[in-house]
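First the structure, in the form of structure tokens, and then the observations on it.
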Amino acid sequence: KIDSAATDSTEAQGQQPATKGVVIHPFVKMSRVPEIIAGVLPEFADMPTETFKPAPVAKRRAIVRMGIIRSAAFWFAVFVALCQAAMELVIVTMPLNAEELAMLATVRYLMFAYYAIFVLAFVVNVINAILWHKRSGLGYDRGFMSMTNGGLAVTTTYTPRKKIQFAYLRTNPFQRMAHVASVNVRTAAGVGGTTETLWDLPEEDADAWMEWVRPRGKRAQAAEPNGETMA
């Protein structure tokens, strides 16, 4: 998929602009991706190697984040467990007839069925978290950066340095204790811009990336070979 900050003719005519990039090919072998990109966008032919990986502690944090904190299946399982506890209390404390007991027994079976679904969803989320840690990474060179968020699905974004609108690091108290940070980069791609995020890089790698993306002053630009500007 290719996206840019340029507006099309429909937007110029006051119509709703396209919100997604252009899909060059929906299904293509990974081995052919560099060849296709080089043919369509020659300036993207030589992308930086992603040498910066999430910290080792990021794997555990990803399992907790994907399997529990951001898992709707987990929180719904908590809700179901609370409902089951209330139902069992009703069965013990209130006189119920045979029909009501049969109905509650059916509800109990449905609850246990959902617990089985939750276990399956949790396993999938754990696998996704492990693959995310293995496949994700960040790379940059003189003019481009590459960011990959892996998992069961893998998304790789190539961004020219001069197209970056702004960038920042974000940490929460747990990240600061683990000495990691999330890197965020904002570009003008799409309608309203696009923000790409990579979680839990080691602090030193995140700081080095932030120094790379920081705008250079005139003196730094003058020191660049051939007088080229990196900002």
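Every read-out reported here was derived from the displayed coordinates using simple, explicitly stated rules and does not represent laboratory data. Computed from a predicted structure; not experimentally measured. As a convention, Cβ positions derive from the backbone with ideal geometry for all residues, glycine included, and neighbour counts pool all protein chains shown.
Taking 7 Å steps out from each Cα toward its Cβ at Val123 and Trp212 produces label points 3.9 nm apart.
Placing dummy labels 7 Å off each Cα toward the beta-carbon, the span from Ile69 to Ser31 is 4.0 nm. Mean sequence separation of contacting Cα pairs (under 8 Å, at least six apart), scaled by the length of region 147-204, corresponds to a relative contact order of 28 percent. Taken one residue at a time, the phi angles of region 113-125 give Karplus couplings (6.51, -1.76, 1.60, θ = phi - 60°) of 5, 5, 4, 5, 5, 4, 4, 5, 5, 5, 4, 4, 5 Hz. Gly and Pro are set to x. Placing dummy labels 7 Å off each Cα toward the beta-carbon, the span from Glu203 to Arg170 is 2.0 nm. Taking packing as the residue-averaged number of other Cβ atoms within 10 angstrom, the listed peptides 193-201, 87-95 run from highest to lowest as 193-201, 87-95.
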